[in-house]
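A short write-up of the structure that comes next.
The values are calculated or read from the model by the stated rules, or taken from the named source; none is laboratory data. Treat the numbers as computed from the prediction; the structure is a model and nothing was measured. The protein model used for the area step is the full one, side chains on, heavy atoms only, and it has no ligands, DNA or RNA in it. Shrake-Rupley method; radii C 1.70, N 1.55, O 1.52, S 1.80 Å.
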Amino acid sequence: SSNLWASNKKPGLLSKHQYYDNTKSSSYVANGTVFNIAYGSGPVSGFYSADNIAIGSNKVSGYTFAEVDNTKGLGPAFSIGHFDGICGMGLDDISVDGVKTPLRALADGGALDANFFAFYLGSGGAAGELVLGGVDSSHYTGDFSYMPVIEMVPGRMGYWEIKMDSFEINGKNMVDSTKAIVDSGTSLLAVPTAAIKAIAKAVGAKTVLPIPPFNKEYTIDCTSAAPTLDVMLGGKKYSLEKEDYVINDQGQCLFGMTGLDVPAPAGPLVILGDVFMRKYYVKFDIANAQIGIALSTAGTANSELQ
């Protein structure tokens, strides 16, 4: 997504959510236009307002964002989650209603030292880090390999999307797609549903239950051997070992992949979510419309970028 919204609903007694109250702000400017956005889990709605915002130390005056009063589409993710809104870090063309994105506002206002940002996702419970306007060299090793961002559909740039050469297991391409999105907002790896069954079988994963929605989640034996997943990007191999693509919850292991169909013309595509980004440090370059990838220091100790 590419919009910024904050909840304006005062939380209940047991909730720790923060909320936006425009009556307490001297810099608030009313807008009132209806806001609607649809996420994978469901819709969220409210209305637009303008106010001064700060993301870290980076400030934007009079920014148009959404006050949200209906988060039901997010279900328990919002009600029990530790977040109070969403700051969409996507590109311009998927911003709902054409509102200037937070990234574009920061770049246009000269708020950043450099017009890129980078994610380090901590592993094993360690803290992660988002750097705006730079990178943190202590969180990656080696050099970045760069790939240009490609159009999501002809004439539109929205996703942080790159060309994917192949998605391989033991040298065999498992996915009939040549497009991949690098997305911190997706927890798992996502591949077209036509590919997930074969991939799950190859790594020894089984559905939680054979009926929806439990057939979209896969468990895997924590101790058995399993092959490497090799994502080929720009002629380089980005490998995920079993310990990288398995989520171990106190001895119960979940295969960190799901099936997801994005309809044409945007799809089919692969989403390289947090499972990928924990292994690889990712730099999102707005100015040059490119993505840089390097091995994260949170990645498997014996891993090598090939």
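Kirkwood hydrodynamic radius computed over region 13-154 comes to 17.6 Å, based on all pairs of distinct alpha carbons.
Which percent of the accessible heavy-atom area of the chain goes to carbon and sulfur, probe 1.4 angstrom?
Values: 7960 of 15270 Å².
Its accessible area is 52 percent carbon and sulfur atoms.
When only Cα pairs under 8 Å and 6 or more residues apart are kept, what is the percent relative contact order across region 106-209?
14
In region 82-177 the Cα-Cα distances spread across 10 Å bins starting at 0 as 12, 30, 38, 18, 2 percent of all pairs.
Computed over the chain with a Gaussian network model linking Cα atoms closer than 10 Å, the most mobile of Asp143, Asp274, Asp249 is Asp249. Close amide H partners of Asp84, meaning residues 5 or more places away or on another chain with modelled amide H under 5 Å apart, do not exist here.
Helix 193-203 and the long axis of the chain differ in direction by around 50°, with both axes built from C-alpha atoms.
If you run the Gaussian network model on the chain, springs between alpha carbon atoms under 10 Å, then out of Val275, Val149, Val131 the most flexible one is Val131.
The GNM of the chain, with springs linking C-alpha atoms under 10 angstrom apart, assigns the highest mean-square fluctuation among Tyr120, Tyr48, Tyr19 to Tyr19. Phi angles of region 245-252 translate, via the Karplus equation with coefficients 6.51, -1.76, 1.60 and θ = phi - 60°, into HN-Hα couplings of 9, 10, 9, 9, 10, 6, x, 9 Hz per residue; Gly and Pro are given as x.
Hey, what number do you get for the chain at 222 nm if only DSSP H runs of n ≥ 4 count, each worth -39500 (n - 2.57), divided across all residues, to the nearest 500? Don't skip to the answer; put the middle values down first.
Working: 5 runs with 32 residues, N = 306.
So the helix-based figure for the chain works out to -2500 deg cm²/dmol.
With just the Cα atoms defining each centre, how far is region 1-54 from region 157-209? Give it in Å. So the separation of the two Cα centres works out to 34 Å.
Average the reciprocal distances over every distinct pair of alpha-carbons in region 177-306, invert the result, and give the Kirkwood radius in Å.
Details: mean 1/r = 0.0647 Å⁻¹.
Roughly 15.5 Å, rounded to one decimal.
Please work out, to two decimal places, the log10 of the ratio I(q)/I(0) at q = 0.10, 0.12 Å⁻¹ from a Debye calculation in which every Cα of region 132-248 carries one identical scatterer. Debye output, listed in q order: -0.38, -0.54. Pairs of Cα atoms in the chain fall into 20 Å distance bins, from 0 up to the last occupied one, in shares of 30, 58, 11, 0 percent.
For region 8-65, the ratio of Cα radius of gyration to the globular rule of thumb 2.2 N^0.38 Å stands at 1.29.
For region 162-262, what's the relative contact order in percent, using C-alpha pairs closer than 8 Å and at least 6 residues apart? Don't skip to the answer; put the middle values down first.
Values: 174 pairs, mean separation 33.5, N = 101.
For region 162-262, the relative contact order is 33 percent.
At a probe radius of 1.4 angstrom, the accessible area of the chain per residue rounds to 50 square angstrom.
Take every Cα pair under 8 Å whose residues are at least 6 apart in sequence, average their separation, divide by the length of the chain, and the relative contact order is 17 percent.
Ordered by 1.4 Å accessible area with all protein chains kept, Glu67, Glu168 run largest first as Glu168, Glu67.
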